[in-house]
Structure formats: structure tokens, C-alpha cells
Amino acid sequence: MLGLGTVGQAVLSALTDNQETIAQRAGGPLNVKRALILHPERHLGHANLITTQWQEILADDEIAIVVEVMGGMEPAFTYIRRALAAGKSVVTANKEVLANRGDELFAAAELSGRDLLFEASVGAGVPVIRAVKLGLAGNRVHQVCGILNGTTNFILTEMAQGMVDYQQALAKAQALGYAEADPAADVDGHDSARKIAILASIAFSSRVVEADVRCSGIAQVQAADLAWGSRLGWVLKPMARARLVAEGLEVASYPAWVGPGHPLAHVDGIMNAVSVRAEPLGEATFTGPGAGGPATASAVLGDLIEAARNLRLGGHAVGCTCYRQLAIFDPARAEDAFYLRLTVRPERTVVSQIAATLAEHRVGLRQTLQAAAADGRGEVVVVTETCRRGDLDRALAHLAQSPSVFTLRPPLVVEAQSA
Ligand SMILES: NC(=O)c1ccc[n+]([C@@H]2O[C@H](COP(=O)([O-])OP(=O)(O)OC[C@H]3O[C@@H](n4cnc5c(N)ncnc54)[C@H](OP(=O)(O)O)[C@@H]3O)[C@@H](O)[C@H]2O)c1
């Protein structure tokens, strides 16, 4: 094992607790021989296992499978590549490595004829990688979308249900251990971006990397937005979506409004879910715990048993399935409906002025709502028809110059099924 933290320790416990079952299913017992860690003083209870010397693991021919649960880009990437090159199978939970340099690792696995398995890297306990890669292999996927980050789903759920602001919800997430001290990767949308890159690569058989994913976070969302959303019958979700459009693949991670009929509308708190639209399947949604040691260990163990069985029987798992390269669609041309919130001078003509400016840039208006705001200002919420993001950005730049508009919050996507 590389790493003995939250996930590593949960894997170790489950290997002991479920020893009998795992041995039966793997075709023999699985014994942990070594665990690489950084701080030996934190692991005194595992003195017989721990090492700080990676070479001890790499050079040990008795070690057939390496479980990488240390995280981060380096040295994890190098260790996985070297382990594969040395003829060991690898099970990893590391989305950062896979979403950025997965192609190199699949090539190394192919060359050595060993397994590279990564179920825990997306959705933790939700076995969605296998479902999409194997269970849906006969389908043509049109769209895969999901809630892939439990931290931000928890924060938005708290904001909506407790009507607290972003900072209070983040502080609660940190106090409960759902958010890290530095929550940037979660709240800026990068964690979801990595996961949707991995999922999209499998669903569309075309390599997608983190840099291909249009990304926006939740830090700009205010309690007032959640209150407006509730009036509209919507909830805000940390969405990750990959969809096939005429010109290629559009992949994004962003907060989005969903209506009560959307498959992700009732996925709350730290839960994760993935919804796949495909032919001939139709639509299927997979839900489960998206974080935490035990849930993540569940996925790692499934991979571990598959790798062990393959080594025993002389086969290997399905490797890289990216047989084509689809173009990544220009985000400025992506089409969605949007929610806008503006504070304005309380004039009778202000809504018609906003509508006229939007129309000049080919942005249609589906709905407007108005309320009095503080300091004698007015507040206007606009829901647009489906339009190009680039057109909307030009319209907003124009509106920002208007003497009738005081503030303009960042637009939020309204998912199609929320209409
Ligand atoms: N936690 C979750 O809910 C979850 C869910 C899905 C996927 N994952 C993924 O699982 C992986 C592990 O996450 P985690 O939460 O278990 O992390 P963690 O609690 O921070 O544990 C990391 C472990 O790796 C060791 N480590 C880190 N850098 C090392 C280095 N350079 N050399 C040797 N050992 C090193 C640490 O050693 P010390 O203990 O000595 O410091 C620690 O034991 C990450 O890729 C993460 O993204 C986590």
C-alpha cells in the first residue's frame, strides 16, 4: 500500500474484517506486506508494515499488487508508472493523476500486461466506472452528468435548507471533516473537473484531460440566490457534465439549477450521483456515498479482488478504451439557459432595458422576477432562453455599463430539464 491515511486505513480494516469473503472471491488470501507512509510516528500500531522507503516495495517480488492511496500528482504518478513497469498491478483512488496523465499509465499497464484499476477515483463508493466501462459498453452515450463532489453538495444543501451564507456552510463542512482546511480544489470545481474528465474519457471512448473541462466554482453563490431558486422551484447543485454536441464533446464543472424532476435534484449532503443518457439504455442514475474512508475502501477492495483474480487466472482487466479523439467544444459556443441576478435603479423601464440589451445579443428572456432590495434599490432576476455563453457574456459586459444596473452577479446555468 502507498499511503495509510483515511482511505488506506479503511482498506486495511476491511481486509481484516472481510478476510474470509475476500479470500473466497479473490481465489486466495490477500496479505498486506508493506505500507509506505511519510510520518512513522503516526503509525505506531502498524510498525510491522510501515516503511518510508519506496524502493523496498518496488524491489519486492512477493508484492504483486500496489494500492496507491497517498494522493497528489507526484510522487504518486512516478510510483504507479514504475510499479506497472516492474510487473505489478496497480489499484488507485487518485483522480488527479488519472485526469492529467492517465494515458501514460494505461500505456505502461498495456506494455507490462498488468491491471490499472481506479474505481475509487470517481464517486468513491458509487461503482460507476465499471458500470459505464463494462455494463454500458454496448451503448452510444449522449450525456453523462453528475454530482461528483460531496463537499460542495453539502455546502449548497446547507445553504438552501438552513438559509445560511457560503462562509457559514463552509465552516460547518470543515468542522464535520467534509471539507479540507484549504477547500480550493473542491469549491473551485477542480475536483469535479478531474472526475468528469475520467468519466467522459470512458463514456465517450475519447481521452479528456482536466484542462479540457470548463470550470466554475460555488464561492460566488449567495444565500439570496438559493432563496430566489426556491421561489422558482429549483435547487442548486455542483454539476459536472459531459455531452456530445455536433462539433465534439462539451465538458464542464459548474453550479447549476435543477428542477424537482431532474434525476439529481434530491441528491443532498455529501451524497454523489451519476446520471447517464444513452442508447439503447435510456437514462440511468447511480447514487451513493461519494466520500469517506469506508465508502472509498469499498471501491478499492473491488478493484483489488479483480486484480488478484486476474493475476491468479492469468488474464487482465479491460485497459484503455479511448479508441478515438473527439474535438473539445469551444465553451463560448456552448448553449444553456441562464439565471441572472442584478441590483438596479428602481425605475419602471429597467426590466425592458435589460430585455432590450439581452435581445441585441441574441439572448431571449424566459422569465423575470422583481423585488425591492436594500437602500431603495431594486433586485431583478432574469431567466434566459437557451443561448450561447459567448453571446450572454457580451450582453452582460454591455449591461455592466448601464447606469441603471448597480451589480450583476455571475450567471448560473439552468439545466434543460428544469424548464
Ligand atoms: N478521503 C476520501 O474520502 C477519498 C475519496 C475518494 C478518493 N480519495 C483519494 O484517495 C487518496 C487518499 O486520500 P486520503 O483521504 O486517504 O488521504 P490522506 O488521509 O491524506 O492520506 C494520505 C496518506 O499517504 C501518505 N503519503 C502522502 N504523501 C506521501 C509521500 N510522498 N510518501 C509516502 N507517503 C505519503 C500519508 O502518510 P502519513 O500518514 O505518514 O502522513 C498518508 O498515510 C487520494 O488520491 C484521494 O483523492 C479519497
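Within region 61-81, the set of residues being closer than 26 Å to Glu96 by Cβ and free of Cβ contacts under 8 Å to residues at least 40 places away in the same chain comprises Ile63, Gly72, Met73, Glu74, Pro75, Phe77, Thr78, Ile80, Arg81.
I'd like to check something: does region 207-223 contain any residue that is in the same structural domain as Val274 (by TED's automatic domain parsing), surrounded by 16 or more Cβ atoms within 10 Å (Cβ to Cβ) and touching a Cys at 6+ places or on another chain (Cβ under 7 Å)? The answer is yes, given that some residue of region 207-223 is in the same structural domain as Val274 (by TED's automatic domain parsing), surrounded by 16 or more Cβ atoms within 10 Å (Cβ to Cβ) and touching a Cys at 6+ places or on another chain (Cβ under 7 Å). When the residues of region 153-179 are narrowed to those that are of a type outside the set (Phe, Trp, Tyr) and within 14 Å of the ligand (Cβ to nearest atom), which ends up nearest to Thr287 (Cα to Cα)? Among those that are of a type outside the set (Phe, Trp, Tyr) and within 14 Å of the ligand (Cβ to nearest atom), it is Asn153. If you go through region 197-222 and pick out every residue that is hydrophobic (A, V, I, L, M, F, W, C) and closer than 14 Å to Pro255 by Cβ, you end up with 4.
Among the residues of region 368-393, not one is surrounded by fewer than 14 Cβ atoms within 10 Å (Cβ to Cβ) and in contact with a Leu (Cβ under 6 Å, 6 or more places away or on another chain). Residues in region 288-316 that are more than 16 Å from the ligand (Cβ to nearest atom), out of contact with any Asp or Glu (no Cβ under 7 Å at 6 or more places or on another chain) and not in a helix (DSSP H, G or I): Gly314, Gly315.
Among Ala211, Ala197, which is part of a helix (DSSP H, G or I), of a type outside the set (Ser, Thr, Tyr) and in contact with a helix residue (DSSP H, G or I) (Cβ under 6 Å, 6 or more places away or on another chain)? Even if it seems obvious, please write down each step before you answer.
On the way: Ala211 fails: in contact with a helix residue (DSSP H, G or I) (Cβ under 6 Å, 6 or more places away or on another chain).
None of the others qualify; the one that does is Ala197.
Report whether or not Gln168 is of a type in the set (S, T, N, Q) and in contact (Cβ under 8 Å) with a residue 40 or more places away in the chain. No: the conditions fail for Gln168. Among the residues of region 122-143, those that are crowded, with 24+ Cβ neighbours inside 10 Å and out of contact with any Phe, Trp or Tyr (no Cβ under 7 Å at 6 or more places or on another chain) comprise Val122, Gly123, Ala124, Val132. Against the numbered list (1) under 16 Å from Ser275 (Cβ atoms); (2) touching a residue at least 60 places away in the same chain (Cβ under 8 Å), Gly150 comes up short only at (1). Every condition in (1) in contact with a strand residue (DSSP E or B) (Cβ under 7 Å, 6 or more places away or on another chain); (2) modelled with pLDDT of 95 or more is met by Pro289 except one, and the failing one is (2). Identification of helices (runs of 4 or more DSSP H) wholly contained in region 1-112 with 3 or more residues that are within 30 Å of the chain's Cα centre (by Cα) and within 16 Å of the ligand (Cβ to nearest atom) yields 6-17, 76-85, 95-112.
The values are calculated or read from the model by the stated rules, or taken from the named source; none is laboratory data. Computed from a predicted structure; not experimentally measured. Because the Cβ atoms are built from the backbone with ideal geometry, glycine has one as well, and the counts that use them run over all protein chains shown.
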